[in-house]
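Everything below concerns the one structure shown next.
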Amino acid sequence: MAAPDDKFMVEGVDLSRTRNRNEIRVVKAIRTVLGEPPVYTPDPKDIQDIYALALNALPPRYAQHGTIVLRDPVRDEQILEAVRDAFIRVMEHPKA
């Protein structure tokens, strides 16, 4: 196991493994949407923007590593909608 990052240490407690559960779901949705028409090939910066915009559009779902989640109030359809909206926003207003 890697040494904890000091930025995420508080009173000897490693907080680096407390994650937003939507992160991996957004990554999977981005992969899905990339395969949908119309075909759009974003550059790396666009993908980062899409990822951040989609996550910011969803309610945060933080959990500690190893936590058992019995239900997730954020539906897969909501994730896909947030990612599609982020794609549209980035395509219409790309950063130079």
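The values are calculated or read from the model by the stated rules, or taken from the named source; none is laboratory data. Keep in mind it's a predicted model, so treat the numbers as computed, not measured. Here the Cβ is made from the backbone with ideal geometry for all residues, glycine too, and neighbour counts use every protein chain on show.
Structure above, values below:
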read-out	value
Contacts under 7 angstrom Cβ, first residue in segment 59-70 being surrounded by fewer than 10 Cβ atoms within 10 Å (Cβ to Cβ), partner at pLDDT 75 or above and not in a loop (DSSP other than H, G, I, E, B), 6 or more apart	Val69/Ala63
Residues of segment 38-75 classified as over 11 Å from the mean Cα position of the chain (by Cα), closer than 30 Å to Asp14 by Cβ and assigned to a helix (DSSP H, G or I), total	1
Scope segment 1-35; condition touching a residue at least 12 places away in the same chain (Cβ under 8 Å) and not in a helix (DSSP H, G or I); matching residues	Pro4, Ser16, Arg17, Thr18, Arg19, Asn20, Arg21
Matching residues, segment 1-48, being among the acidic types (Asp, Glu), at pLDDT below 90 and under 22 Å from Arg75 (Cα atoms)	Glu36
Residue that is of a type in the set (A, V, I, L, M), surrounded by 13 or more Cβ atoms within 10 Å (Cβ to Cβ) and more than 22 Å from Lys95 (Cα to Cα), where the choices are Val74, Val27	Val74
